[in-house]
Amino acid sequence: MVIMLFSTIINLLSPILQKNVLDALDFQSKNYGWDRALKFIIILAIVYLVSTILSYFQQRTSARLSQETVRKIRNDLFSKFVRLPIKFLDTHSHGDLMSRMTNDVENISNTISQSVASLISGVMMIIGSFITMIYYSWLLTLVSLVSVFLTLLVSKVLTKKMRKYFTAQSKILGELNGHTEEMITGYKTVVAYNKEEMVTNEFNNISDRYTKTSILAQIWGGSMGPIMNFIGNFGYVLVTSFGAWLAITKPEFLPTVTIGTILLFIQCSKQFTRPIN
């Protein structure tokens, strides 16, 4: 969390420095004001370097944390398995129990290394970006929030559909693993009673259900990215169009906006909406 905090601060400095570089340039002067802009460019290069180093340590720490946690869960789970009564193992599919040991534990690992880290850094980035945008222009901040509202509305609808199919997919996968493990273990019994065709049909039915559910889950899951990209790009259009109007017309009753401020808002709105997405 300490690494994430510093990483967030560094990432917020980037658009501010880019704004200063652009505002320092003066195309009416002989050297375009490069002498003033150069110091901001040097600081910006240092910021990018530090950001890369922090990102490396964040990934390394996150990977170590997830694997150590999963190792403990896996050990605890196996210790629980060997202490279970025989009745429990007789009344529960072995393949389903193996699915808990492998697939479910792997999902926990991915959650710790990716989702939890993204959640913590995302909350920090949302707060930091919002404060930065409010500081430079409350009016453009309100315009940026339009895309956030659309994002929350669309994601609420999509996740309701996605959750249903991904939950069903996980359940059918356990059923598929259980059936496979039982048929392979009891193969001699299957052959002895001439049940090859029956167990094959059972397997195919479960496999077909898993395939259909997985396709629907992937379709709904895959639609999230393009829709969110569209909403994000729509937000950029709003910010740049409204910001350009403010910069060109300079209305007296509204705060002044520079070209550098518009660039800052394009960068900050991206940092603000990405973790929400």
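The values are calculated or read from the model by the stated rules, or taken from the named source; none is laboratory data. Predicted model only: the values in this text are computed from it and were never measured. Counting neighbours? That spans all protein chains shown, and the Cβs are built from the backbone with ideal geometry, glycine included. Heavy atoms of the whole protein, side chains included, go into the accessibility calculation; ligands, DNA and RNA do not. Shrake-Rupley method; radii C 1.70, N 1.55, O 1.52, S 1.80 Å.
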Scoring the range 1-124 by relative contact order with C-alpha pairs under 8 Å, at least six apart, yields a percentage of 33 percent
Apply the Karplus parameterisation 6.51 cos²θ - 1.76 cosθ + 1.60, with θ equal to phi minus 60°, to every residue of the range 242-247 and state each ³J(HN,Hα) to the nearest whole Hz, in sequence, with x for glycine and proline. 5, x, 5, 4, 5, 5
According to a simple spin-label model (label point 7 Å from Cα along Cα-to-Cβ), what is the distance in nm between Ala244 and Asn110? 4.1 nm
Stretched out fully, how many nm does the piece from Thr258 to Leu49 gain, at 0.36 nm a residue minus the Cα gap? 72.5 nm
About its Cα centre, how strong a charge dipole does the chain have in debye, to the nearest 20, once Lys and Arg get +1 and Asp and Glu get -1 at the Cβ? 420 debye
Estimated vicinal HN-Hα couplings, Hz - the range 108-113 in sequence order (Karplus 6.51, -1.76, 1.60; Gly, Pro = x): 4, 4, 5, 5, 5, 6
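Which FRET efficiency value, to the nearest 0.05, do you get for Lys195 and Lys171 by plugging their Cβ-Cβ distance into 1/(1 + (r/R0)^6) with R0 = 41 Å? All intermediate terms of the calculation are to be shown ahead of the outcome.
Numbers: r = 25 Å, r/R0 = 0.61.
Calculated transfer efficiency: 0.95.
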Dipole of the range 45-91 (Lys/Arg Cβ +1, Asp/Glu Cβ -1, origin at the Cα centre): which of Ala45, Tyr56, Leu77 lies farthest to the positive side? Leu77
Contact order relative to length of the range 163-268, as percent, for alpha carbon pairs under 8 angstrom and 6 or more apart: 26 percent
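Order of 230-241, 77-88 by packing, highest average Cβ count within 10 Å first?
Details: 230-241: 16.2, 77-88: 9.7.
Per-residue Cβ counts within 10 Å, averaged per peptide and sorted highest first, yield 230-241, 77-88.
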Cut-off 15 Å between beta-carbons: net charge of the residues surrounding Val148, Lys and Arg +1, Asp and Glu -1: +3
Per-residue ³J(HN,Hα) for the range 58-73, Karplus 6.51 cos²θ - 1.76 cosθ + 1.60, θ = phi - 60°, Hz, x for Gly and Pro: 5, 5, 5, 5, 5, 5, 5, 4, 5, 5, 5, 5, 5, 4, 5, 4
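What FRET efficiency would be calculated for the residue pair Lys80, Phe149, taking the C-beta separation as r and a Förster radius of 41 Å, to the nearest 0.05?
Numbers: r = 46 Å, r/R0 = 1.11.
Between Lys80 and Phe149 the formula returns 0.35.
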Would you calculate the separation in nanometres between label points at Glu202 and Ile73, each defined as 7 Å from the Cα along the Cα-to-beta-carbon direction? 3.0 nm
FRET efficiency estimate (nearest 0.05) - Cβ-Cβ, Thr61 to Arg209, R0 30 angstrom: 0.15
Kirkwood Rh over Cα pairs of the range 1-91 into Stokes-Einstein at 10 °C, 1.306 mPa s: D in µm²/s? 91 µm²/s
For Tyr56 the rounded accessible area (nearest 10 Å², probe 1.4 Å, non-protein molecules ignored) is 120 Å²
Relative contact order, percent, the chain [alpha-carbon distance under 8 Å, six or more residues apart]: 29 percent
Reviewing (1) 1, 5, 9, 10, 12, 13, 14, 13, 9, 6, 3, 2, 2, 1, 0, 0; (2) 1, 5, 10, 14, 15, 13, 12, 10, 7, 5, 3, 2, 1, 1, 1, 0, 0, 0; (3) 1, 5, 8, 10, 11, 11, 11, 9, 7, 6, 5, 4, 4, 3, 2, 1, 1, 0, 0, the figure for P(r) over Cα pairs in 5 Å bins from 0, in percent actually calculated from this model sits under (3)
